[in-house]
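Coordinate-derived values only; no laboratory data. Remember, it's a predicted structure, so these values are computed and weren't measured experimentally. Glycine also receives a Cβ, built like all others from the backbone with ideal geometry; neighbour counts cover every protein chain displayed.
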Amino acid sequence: MRGSDYIIKRTAFAVVTVFVAITLNFIIFRAAPGDAVTGERCRNCTKEFKANLRKELGLDKSKWEQYVIYIKQLAHGDLGYSFEDKQPVAPQLWGPLKNTLPMLALGTAFSIVFGILTGVIAAWRRGTFWDRSSVLVGLGFYSLPTQWLGLMLIFFVAPMLSLPSSGISDPFLEFTDPGWWPALIDRLKHMVLPSATIGLVIYGEYTLIVRSAMLETLGEDYILTARAKGLATWTIVRKHALRNSMLPITTLIFLSLGYIVGGAILIESVFNYPGIGLLTYDAVFAKDYPIMQGAFLVLTVSVIFANYVADLLYFRLDPRITE
């Protein structure tokens, strides 16, 4: 029963958090100065034109009326229509999201694998050159501003490796039709730099957490027993130390996944990568409330869902948290 109560409470908390996030998404954007009409920067527009445009976009209503309309639309799965092109928001989010997810998956996979590897080496070789260098390099990358690291990769790494630094594909491929394999290779080349930016910034976090968890596990009595039995080093690390350190590592992975989606905004704006982050960045300057609300709803729900999955996994891996 305790397990059922825990799941019900975490589910209810996640639902309430989503509702709060929806409300904050509505309030925050409208709290900023100006609106979509002032964002047009139309110098020759008359007051009558602006008033009609504001009425057309529904901005002449009170904030409360706009909020009620927004909630009713969400209840029917309608994210509204963009102020810029008057098209539904949901289809405009789906295309960029499909571009963002593979790029994030590539960077996240690199950060997890490389972070766990360096963390295990640092813990096993504690106090040595490998330990100190792994921690210092990981902390160095983790402390770097994401946009700055992206610019450095554009200036120095892209010319050295002949990698594209902007966009998602070569526009000339649309006219030559080279086939799916060259198109896939071209897409991967365009994902390398933004994915590397994500992976390099985040991997240090995994290194530090894995190292800390491994050091705690390596001090346990059963590790000393395994060493006394004469087991190989890799066997002790893989079957005993790392396996029993997976609780904080698994939790960190799922907690980080949601925030990585939010971090795509800066990265995609630097690399002009046509994903959900660049769409959000452009919508902010255009004061396109429906696009901003829809994009930030996707980002906040991803964070909440990742936290919810982490809570359930934590309960699965360690049922004692309900006690």
Exercise. Treat each spin label as a single point 7 Å out from the Cα along the C-beta direction, and report the Leu312 to Leu255 distance in nm.
Key: 1.9
Quiz item: Can you tell me the Rg and Dmax of the chain, counting just the alpha carbons, in angstroms?
Solution: 24.2, 87
Practice problem: For an R0 of 35 angstrom, estimate the FRET efficiency from the Cβ-Cβ distance between His76 and Ala51 and round to the nearest 0.05. | Solution: 0.75
Exercise. Rounded to the nearest 10 degrees, what's the angle between the helix 180-218 long axis and the longest principal axis of the chain, both from Cα atoms, 0 to 90?
Key: 50
Exercise. With everything on Cα atoms, drop me the angle between helix 246-271 and the longest principal axis of the chain, reported from 0 to 90° to the nearest 10.
Key: 40
Self-check item: For region 75-151, diffusion coefficient by Stokes-Einstein and Kirkwood Rh (Cα), 20 °C, 1.002 mPa s, µm²/s
Solution: 133
Quiz item: For the Cα atoms of the chain, what angle does the longest principal axis make with the long axis of helix 289-317, in degrees from 0 to 90, nearest 10?
Solution: 20
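What is the gain in length, in nm to one decimal, between Glu65 and Leu136 on full extension, counting 0.36 nm per residue of separation less the C-alpha to C-alpha distance?
Extending this stretch completely gives an extra 20.2 nm.
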